[in-house]
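To start, the structure under review is shown below, and the notes come after it.
The values are calculated or read from the model by the stated rules, or taken from the named source; none is laboratory data. Just so it is clear, the model here is predicted, and its values are computed rather than measured. All Cβ positions, even for glycine, are placed from backbone atoms using ideal geometry, and neighbour counts span all protein chains on display. Just the protein is used for accessible areas: all its heavy atoms, side chains included, with ligands, DNA and RNA removed. Shrake-Rupley method; radii C 1.70, N 1.55, O 1.52, S 1.80 Å.
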Amino acid sequence: MTSLLSSKFEAAKEAWAARRARYASRLRPASTVSGLPLKTVYTREDVTGSDLDVMPGVYPFTRGLHPDGYALTPWMQQMVFGYGTIEETRQKMEKMVAEGMEGYFGHKVFNTVYDVPCMYGIDADHPEAVGNIGQCGVHMSTGDDYDELVRDWELDSTNFSMITGDNCLPALALLAAAVERRGEPTAKMHGNSMNWYPRIAVQDVPSWEPQWGYALMIDLIKWAKENAPDWNPVNIFMYGLSEAGATPVQELAYGLSWGKSVIDAGLEAGLAPDDFIGRLSFQIGCTVNVFEEAAKFRAHRRMWAKLCKDAGVTKPSHMHARVHVHTSGYVLTQQQLMNNNARITLQTLAAVLGGVQSIHTCSYDEAVGVPTEESHRTALRTQQILMWESGLRDVADPLGGSYFLEKLTDDMEAEAWKIFDDLEAAGGYRRGIETGEVKRSIDNASYEMKKKINSGETPIVGVNRYVSDEQENYEPFRIDESIEDKARTRLENYRAKRDQAAVDAALVDVRRACQALKDGTGPLMPALVEAARRGATNGEMMVPMREAFGWYVSE
Amino acid sequence: MSEEHIKVLLAKKKIDVHGRGSKLIARELRDAGMEVVYFRFGVAEEIAEAALQEDVDVVAVSIMTSGQMQIARELVPALKKRGMDQVLVIMGGIIPEVDFEPLRELGVHRSFPPGLPGGVVADYIRENAGTVTLV
């Protein structure tokens, strides 16, 4: 039978070669965005080295985390949002729930982005906050703000994903204090701290010195383990890598190296593998290159599972690479804005084919500014159309067994391990932050990509193909500058009614706890939670932290 | 000014995340033969001070997370206060096209959308540096 099959295949190949003989030499060799060479056709000869004897829901999870893919529950629709003060964002939360945005089993999922002053850790009255308050995220810094955030939502069935920056620990402390004021235990909290310290390798913002950045990350993990066991204390922000310019293969390699650096830091701090690794999760980018992206997600699951196993994780579910996709904003163009809807649809398609757990779809006008109500709804509806109309979620890993996809998955994995191994041999991701190596490699990749766009070698419709001189004059969503006054007033009112002596004393304790963390003699999070209970703001808690942990600018 | 040495202060706010665009334009202006000083600022006044100290021909501000209007409103008077009324002021990044004209009225000579080849910006600088007055 085997020889019969192969003689049939050999005959087909001969016929194929004959059909293309006249023009084959003129075909230009193509490659993926990551630079992997592509053939025009793949056959079973390409998958002889692949392990096709795998099933979804079973280690190494190449075909997905769950045995039946999306059949039991579809991916979570986790639209990023947040603007103005909490009052504006609260209205938006209610609106998104009314629009049908939901997570697993109907849970509410709020993927709330902070404005950059909050992320950086300055309150609304700081001079450097001017121009950025409530603009590209919500301004939340006081206990009142957090009370309003959690008001009336059922804590058992509501996920708060807080897209923070360096204010990650103060933000969690403020949330915990608000939950306590409701009379509920912090153990009921569900959601996610980003804990994105290692993003400083690619995002150009000042942050903690590397040794303290990792210490703070672990401090949050430990607090969450004791006080909010369902909380996801770390997100590995691979999206930051690809948006900075990493190719999909680099995103895999550096992202997994980032993850390994968190695992290593946790193990060094005495945590047991099964106690924290299963709570790590990922946010990953997704461009319009459908097959390369789908293969990336498949390779990612299998590589992470292997890393977890090597680190000593024993429970299979703790080896799950749980992935939230944020569709790439970099690929959206300001030229001919509506074209971005086609890009977003392809990005979402790739993420779903890749079997991810949660998706944020960018809005077509994000190349201009903050999305309008309409563009934000259209982005959500794009997910919902894929979810309900396309049939995409009926079958787990529908591309599994495809000669091309299996080969591409294998090749991307092999290339990513090479970069990963080199970085590990040189001291790992943390060392890569200190030396700037990770940033340099990604910046160089970004520059090479841009040169290809400038020359037209990489076609971008509306930018270097089918260019139009017509003005778009698109009017984006505006957050009125008066929001800055409103935020300052809210802050003043909050400060006026609190017990200032209690706040001052709590901040002294925070300062002491920062030193204790540096000395390895005690945690910081409990002091921050206490400061939040007594009324300290986001920016106030960050002052002693900045003094203690340095302020490291990498460029 | 086309044959002369051109020095550009490329300013980006410290809390403005995602430096991909600003770092690309820094490289592309360098490729075009210009000297680029990459500068992170807290408030707009600091840009003017750096522009004076570095004695630049061009002040370019990269915007990712908004604030272009407030920056322009403070930056242009701060430059004039220091006697730098011959400096060319440009902006680029995530700025709505409809803001380009209001920015021009505030004294920003030209604004650019994201994603353009850096050569387009370099050509504009070469044609206009040294020929403008801040209004």
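Look at (1) open to solvent by 10 Å² or more (accessible area, probe 1.4 Å); (2) over 30 Å from residue A:475 (Cα atoms); (3) in a strand (DSSP E or B) and you find that residue A:274 fails only one, number (3).
The set of residues in the range A:308-332 being touching a strand residue (DSSP E or B) at 6+ places or on another chain (Cβ under 8 Å) and either open to solvent by less than 30 Å² (accessible area, probe 1.4 Å) or in a helix (DSSP H, G or I) (or both) consists of A:321, A:323, A:324, A:325, A:326, A:327, A:328. Among the residues of the range A:55-66, is any surrounded by 19 or more Cβ atoms within 10 Å (Cβ to Cβ), hydrophobic (A, V, I, L, M, F, W, C) and at pLDDT 95 or above? Yes; the residues of the range A:55-66 include at least one that is surrounded by 19 or more Cβ atoms within 10 Å (Cβ to Cβ), hydrophobic (A, V, I, L, M, F, W, C) and at pLDDT 95 or above.
Looking at the range A:116-184, the helices (runs of 4 or more DSSP H) lying wholly inside it that each contain 3 or more residues that are buried (at least 24 other Cβ atoms within 10 Å of the Cβ) sit at A:116-120, A:168-181. Residue A:223 meets all of the listed conditions (1) within 27 Å of residue A:306 (Cβ to Cβ); (2) modelled with pLDDT of 95 or more; (3) open to solvent by 10 Å² or more (accessible area, probe 1.4 Å) but one, namely (1). Identify all residues within the range A:518-541 that are surrounded by fewer than 22 Cβ atoms within 10 Å (Cβ to Cβ) and hydrophobic (A, V, I, L, M, F, W, C); write none if there are none. Passing the criteria: none in range.
The criterion of being touching a residue at least 60 places away in the same chain (Cβ under 8 Å), away from chain B (no Cβ under 14 Å), among the polar types (S, T, N, Q) and open to solvent by less than 10 Å² (accessible area, probe 1.4 Å) does not hold for residue A:192. Restrict the check to the range A:240-247 and report whether at least one residue is farther than 25 Å from residue B:14 by Cα, within 14 Å of another protein chain (Cβ to nearest Cβ) and not small (Gly, Ala, Ser). Yes, the range A:240-247 has at least one match. Just so you know, in the range A:201-219 the residues that are over 12 Å from residue B:18 (Cα atoms) and free of Cβ contacts under 8 Å to residues at least 60 places away in the same chain include one that is nearest to the other protein chains (Cβ to nearest Cβ), and it is A:217. Output the qualifying pairs, or none if there are none: Cβ atoms under 8 angstrom, residues six or more apart or on different chains, first residue in the range A:465-488 and within 13 Å of chain B (Cβ to nearest Cβ) and under 19 Å from residue A:376 (Cα atoms), second residue at pLDDT 90 or above and assigned to a strand (DSSP E or B). Here the result reads A:479/A:84, each pair linking the range A:465-488 to a residue that is at pLDDT 90 or above and assigned to a strand (DSSP E or B). Of the residues making up the range A:335-352, those that are open to solvent by less than 20 Å² (accessible area, probe 1.4 Å) and out of contact with any strand residue (DSSP E or B) (no Cβ under 9 Å at 6 or more places or on another chain) are A:337, A:340. Listed conditions (1) in the same structural domain as residue A:355 (by the TED database); (2) surrounded by fewer than 23 Cβ atoms within 10 Å (Cβ to Cβ) are all met by residue A:247, apart from (2). Checking the conditions here, which among B:97, B:105 is modelled with pLDDT under 95, farther than 12 Å from residue B:25 by Cβ, open to solvent by 40 Å² or more (accessible area, probe 1.4 Å) and over 14 Å from the mean Cα position of the chain (by Cα)? Criteria check complete, one pass: B:97.
Under the condition of being farther than 12 Å from residue A:253 by Cβ and among the hydrophobic types (A, V, I, L, M, F, W, C), the residues counted in the range A:428-452 number 2. If I ask for residues that are part of a loop (DSSP other than H, G, I, E, B) and farther than 30 Å from residue A:413 by Cβ, which ones from the range A:62-96 would you list? Once the filter is applied, which keeps residues that are part of a loop (DSSP other than H, G, I, E, B) and farther than 30 Å from residue A:413 by Cβ, the range A:62-96 yields A:79, A:82, A:83.
Can you pull out the residues in the range B:95-114 that are within 11 Å of chain A (Cβ to nearest Cβ) and either free of Cβ contacts under 8 Å to residues at least 60 places away in the same chain or closer than 24 Å to residue B:55 by Cα (or both)? Residues satisfying the conditions are B:95, B:96, B:97, B:98, B:99, B:100, B:101, B:112, B:113. Residues that are outside any loop (DSSP other than H, G, I, E, B) and either at positive phi or surrounded by fewer than 20 Cβ atoms within 10 Å (Cβ to Cβ) (or both) within the range B:113-135 comprise B:119, B:120, B:123, B:124, B:126, B:127, B:128, listed in sequence order.
Filtering the range A:29-61 to residues that are farther than 19 Å from residue A:353 by Cβ and in a loop (DSSP other than H, G, I, E, B) leaves A:29, A:35, A:39, A:40, A:41, A:43, A:48, A:49, A:51, A:53, A:58, A:59.
For residue A:219, the conditions (1) among the charged types (D, E, K, R); (2) assigned by the TED database to the domain that holds residue A:358; (3) farther than 26 Å from residue A:353 by Cβ are fulfilled apart from (2).
When the criteria are applied in full, residue A:479 fails the requirement of being part of a helix (DSSP H, G or I) and either more than 30 Å from residue A:84 (Cα to Cα) or modelled with pLDDT under 95 (or both).
Within the range B:5-25, which residues are in contact with a helix residue (DSSP H, G or I) (Cβ under 9 Å, 6 or more places away or on another chain) and either farther than 25 Å from residue B:81 by Cβ or among the basic types (Lys, Arg) (or both)?
B:7, B:12, B:13, B:14, B:17, B:18, B:19, B:20, B:23, B:24, B:25
Only residues that are within 8 Å of chain B (Cβ to nearest Cβ) and open to solvent by 20 Å² or more (accessible area, probe 1.4 Å) were counted across the range A:448-459, and they come to 2.
Can you find even one residue in the range A:365-385 that is in contact (Cβ under 8 Å) with a residue 40 or more places away in the chain, surrounded by 16 or more Cβ atoms within 10 Å (Cβ to Cβ) and within 30 Å of residue A:264 (Cβ to Cβ)? Scanning the range A:365-385, I find no residue that is in contact (Cβ under 8 Å) with a residue 40 or more places away in the chain, surrounded by 16 or more Cβ atoms within 10 Å (Cβ to Cβ) and within 30 Å of residue A:264 (Cβ to Cβ), so the answer is no. Take residue A:84 and decide whether it is of a type in the set (Gly, Ala, Ser), in contact with a Pro (Cβ under 7 Å, 6 or more places away or on another chain) and open to solvent by less than 40 Å² (accessible area, probe 1.4 Å). The answer is no for residue A:84.
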